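Here the structure is laid out as C-alpha cells; the discussion comes afterwards.
The values are calculated or read from the model by the stated rules, or taken from the named source; none is laboratory data. Values in this document were obtained by computation on a predicted structure and should not be read as measured data. Reconstructed Cβ throughout: ideal geometry from the backbone, glycine too, with neighbour counts over all protein chains shown. Note: areas computed on protein heavy atoms with side chains; ligands, DNA, RNA excluded. Shrake-Rupley method; radii C 1.70, N 1.55, O 1.52, S 1.80 Å.
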Amino acid sequence: MTPKAGFLSDGGQIWMKLWGLISGCGCKIHHHYSQYIGSWKVRKNWWRKLLIAWIIFGFIASFCVFWYMSSQAVEKRKETLASMCDERARMLQDQFNVSMNHIQAMSVMISIFHHGKKPSAIDQRTFARYTEKTSFERPLTSGVAYAVRVLHTEREQFEIQQGWTIKRMDNVEQTPVHEDEYNPEDLEPSPVEEEYAPVIFAQDTVAHVISVDVLSGKEDRENVLRARESGKGVLTAPFRLLKTNRLGVILTFAVYKGDLSPNATPAERIQATSGYLGGIFDIESLVEKLLQQLASKQTILVNVYDTTNCSHPISMYGSEPSYNGLHHVSGLNFGDPFRKHEMHCRFKQKPPWPWVEITTSVGILIISLLVGQIFHATMNRIIKVEDDYHKMTELKKRAEAADVAKSQFLATVSHEIRTPMNGVLGMLQMLMDTDLDETQQDYVRTARESGKALISLINEVLDQAKIDSGKLELEAVCFDLRAILDDVLSIFSGRLQDKKVELAVYVSSNIPATLVGDPGRFRQIVTNLVGNSIKFTDKGHIFVTVHLVEEVAESMETDRDPSSLSGLPVVDRRRSWAGFRTFNQEASTSSSLLSSSSADQINVIVSVEDTGQGIPLEAQSRVFNPFMQVGPSITRTHGGTGIGLSISKCLVHLMRGEIGLASSPGVGSTFTFTAVFSNHNGLISQQVNNQSSSISSEFQGMEVLLVDPKPVRANVSKYHIQRLGIHVEVVHDYTNLVSTPRNTDINMIFIEEEIWNKDLEISLQFLNQRAKILLLSNSTSSTRTGLSPSGVPTPFVIMKPLRASMLAASLQRAMGVGNRVNSRNGELHTLSLSNLLRGRKILVVDDNVVNLRVAAGALMKYGADVVHADRGKAAISLLTPPHDFDACFMDIQMPEMDGFEATRRIRNIESSINKGVQSGEPSMETHENVSNWHVPILAMTADVIQATNEECSKCGMDGYVSKPFEAEQLYREVSRFFETPPDENSDENQ
C-alpha cells in the first residue's frame, strides 16, 4: 500500500466514461492511420518534442487551476493526519518495547534460575505467579510461555518426567476450534522429529499451551529457528492463537546456556540453545485499548499491517478502507529487522469536494491528454513496428551465426582431438593384424578399447550438444552383447588391481548370442555406470548382470537372496526398477511381458551393483541431471564432467527403456536400465556365433570342478567357463571334495585363491589329484609360480575379472596348448572387404602424415592399390578426367583448400566434362569411352557433428567414414559403390 491523495466524484466518473468513448474512437483512427503510413521511416525527433510540449502545457494549465484553490486545504489535512498517525504509532511502539525488554529479562532469569541451577529454582507454579504479578510491566502481552528444547533421544525420558506427552500444533492451525471446544488432551502427539520444543511453563492466561510442541507449528517453528540463530527477539506473522482463535503474534527469545560468548556464531548459538521464551500479543484487543486512551480516536481510522511481504501485506488491526482517500503511513519498529510493520491512518470522513475547480482542471487535462494520446499512439506504433522488425532481423542473424559458430567449434575441437587419437588407434589396429599370441592380442585390444574410451569422454560433451539439438540417433547393427561386456571388463580391469574390489559380469543364458541395436551406445551406458561405481567403491564388488525382463518379472514374487558376490551387504536391487512402467502396468503378468518380448523384440534389463559409498537420499533425485554431482567435493576428488548419467538416461530412452537407481549410504548403489533390441537370425548372426564358438573349440567336452563356497561368485565363474564349451560342476563344500568318488575324469579344478590360502591340508590334497589345479585371483600380487609362504607349491593363477578371450588364453598356457589368434568382431567383414577392395585403385587425401599412413595401411590390408595426396589441389589434379581411380577418401580439414571445396571443384569439373561428352565435344575416346564421370568420394575425418555430415552431402560427397576406419562402417559405405566379383563371391560362400 502506498500513500495516495485523490478526489473523485460522480461528475469525475462521467468524465472517465467520456474519455473511454473518445479513446475507443482514437484507437480506430490510429489503426486505419497506421495502415497507410506504417511503412514510412518515421524519425523519433520532432514529434516527441511536440508531444512533450503539448502534455506539459495541459498539465500546467489544469494543475494551476486546481492547485490555486485546493493546495492549502490539502496540505493542512495531510499535516494533521500525519501528526495524529505518528503519535499513535509512537505510543504503540514504546509500549511494545517495554514489553519486549521485560520478556528479554525473563529469558535471562530462566537461563540462570532454571537451567543454571540443579535442581531448577523455577516450576510452573512459580512461573505463573511471577508472570501474573509482573503483567503490568508488559502492557501489551496477553500471556508468556516457556518451551524447553528436547532432542529426540531425550523425548521418552522427558515425557516420563513431565507426566504428559508432547502434543503437535499444526492440526489445530489448519482446523481452528472454538474456545469452548478446545481441550489440550485432544491434541495428537507430536510426530518423530530431530528435536522438539514443548511448553513447560506458561502464564495462567495461556496455560492451555503446556505440552504443545511449538516446533510443530509453521509460524512458531520459523519464529523459533530465527530466534536461536540471531540471539534477538523475533516476531511471527499474524496468525490465529490457540483456544481464543483471535489474531495475534508471538515475540520469541532464545534462552541460552550461561557460558555463551556474546560474539558467538549462529551455529554456536544453535548448539547452546536451551529453550525459547515467547510473549503472546493479542493484536486486536491491545491496539483497541491503546486507541481508547486517546480522546481523538474517533477522528481518524487506524489500520496496522505486517508488510514483510510487500505484495501481500497482512492486516493486523482495523477494517479495509471504504474509499481510497488521503491517508498516511507511519513505520513501526518492533525490534525484529526481518518483519516490517506499518500503521496506516486516514480520516473517517471524506473531505468536501471542490466542484468548480475539479471540473475545470479535469476538463482541460482530459482534452489535452486525449489529443496527445491519439498523436502519440499513432506515431509510437509505427516506430515500434519498425524497430521490432529490425531487432528480430538482427536477432535472427545472430542466432544463425551462433549456431554455425557452435557447430564449427565442435567440429574443429572434435577433429583436432580425434586426429592424433586416430593415429594411435589406427596403429593399434594395424598391430592387431600382425602375428601376435593370445595374450599380446588381449593387451593390444585393451589398449585400443582404452583409446576408444578416451575418445568417448571427449564425445560426452559433443553428445550433450547433440541431445540439446535433438540430433542424437541410434544405429541398428548386429552385435554380440557378451563381447561388449567383455570389452568393458578389459577397460576397467587395470583400475581395480590395486583395490580390494571384484569386478564381474553375468549374462543370462536366455539372452540371444546376437542382437540388433547400437553397440556403441550400449557400451557407453554400461561404461558410464561401471565407471561411476569404480570411482566410489573401495571394497567389495561391482557386479553387472543382464537378464530378460520376463525373467526378472517371474522372480519378483520370490524372496530376495541375501547373498552377494563378495559377501558384503547390498541394497535390494528390486528398488532400482520399482518405478519402471514395465513392472507397474495393471496386467504386468509374466504372460504379458512375454508377449512384449516377441521373437523379434528382446527386452533386456541390466543392473550394475556395487558396495561403494552410496548416494544420499536428497541427492538421488538429481543424479541424472546434466552437470550435476552428489556434492561439490566429488569433482575435486574423483573428477568427471557430471554428464555421463544424463547422457545415459537419454540413450536409454532412445532404446525405448527406463533407468533407475536404488542406493543406501554406507551400503552401496544399484543402477538398473532396460533396453529393447531386435533379434537377428540371419547370416551375420550365424557368422558371429561361429566366430565366438571358434575360441572354445579346443576345450569342448572338458570336465572341470569349480570350488567356491559363495553361490553368486560360483555362478559367475561357471558362466564364463561354460562359454568355452566346458562342462562345469560346482562344489560349495570343499572339505569332502577329495574323498568323494566320481564317475567321470576331471580335467581341471578351479579354486578360489582365498580357499587355497585358507587350509594347507586341503591344498596338499588337491595337489595329489591328477587334474590340473587353477587358482582364481583378484590380486596382481598373487604368486604365479614357486612356493607360497607356507611352502606349498602355488598352482597356475588366472586373474579376474574373467572374460572369454583372457580365460581361453590362460587355459592355453596352463594346459600347454600353442597360442592361436582368435577372431574378433572387428574381423567380421574382413573377407567381404577384401573381395570388394582387391585390385581397386583408391586415392587417399590427408594432410596428416600419420593419418595418411594409417588410412593407407587399413585399405591396403584389404588388397587395395592406394595412392597418396596431402593437399586438396593435388586431389583435383589427380581426379580430373580421364583417370583410373575407383574411389577417393578425402579428409575434410586441410590447409589451403579443405575437402569440401576440393570436392565441389571436382564435381564441377566432372559435370562440365559430362555435358561436353553428351554434346559430342570432346569425343568419348578422349575420355576413355566414359560418358558419365563420377568418382565416389567418401569424407574421411574425425568430425562427429551432424552438421559436418550434412555439409558433406551438400558439396557432392557420396558417403562419410569416421577415423579410424572400422571394418563394419567401411564395408557399409564401400559396398554401395563396389560389387563383389562373381567368382570371388562364390568362393566366399563355399
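Of note:
- Mean accessible surface per residue for the stretch 469-514, computed with a 1.4 Å probe while every protein chain stays in place, in Å²: 40
- Between V255 and S274, G275, Y276, L277, the built amide H atoms are under 5 Å apart, and every one of these is 5 or more places off in sequence or on another chain.
- Residue order for S563, S576 - accessible surface, 1.4 angstrom probe, largest first: S563, S576
- Atom-type composition of the exposed protein surface of the stretch 834-911 places 49 percent of the accessible area on carbon and sulfur (1.4 angstrom probe).
- Here C64 sits with roughly 70 square angstrom of accessible surface, probe radius 1.4 Å.
- Mean accessible surface per residue for the stretch 214-266, computed with a 1.4 Å probe while every protein chain stays in place, in Å²: 43
- Solvent-accessible surface (1.4 angstrom probe) belonging to E609, in square angstrom, nearest 10: 10
- Taken one residue at a time, the phi angles of the stretch 869-879 give Karplus couplings (6.51, -1.76, 1.60, θ = phi - 60°) of 8, 10, 9, x, 5, 5, 5, 4, 4, 6, 9 Hz. Gly and Pro are set to x.
- Dimensionless Rg over Rh [the stretch 517-563; C-alpha; Kirkwood]: 1.07
- Backbone phi angles across the stretch 369-375, fed through the Karplus curve with coefficients 6.51, -1.76 and 1.60 (θ = phi - 60°), yield HN-Hα couplings of 5, 4, 4, x, 5, 4, 5 Hz in residue order; Gly and Pro are listed as x.
- Protein accessible area in the stretch 188-252, 1.4 Å probe - carbon and sulfur %: 49
- Average accessible area per residue (Å²) across the stretch 43-154 - probe 1.4 Å, nucleic acids and ligands excluded: 61
- Using a cut-off of 30 Å between Cα atoms, the listed pairs K535/K649; K718/K758; K452/K539; K396/K954; K649/K718; K873/K954 include K649/K718 as exceeding that distance.
- Taking the protein heavy atoms of the stretch 277-385 in the context of the full set of protein chains, the accessible area attributed to carbon and sulfur is 60 percent at 1.4 Å.
- Separation in nanometres of the label points that stand 7 Å from Cα toward Cβ, at F113 and W353: 6.5
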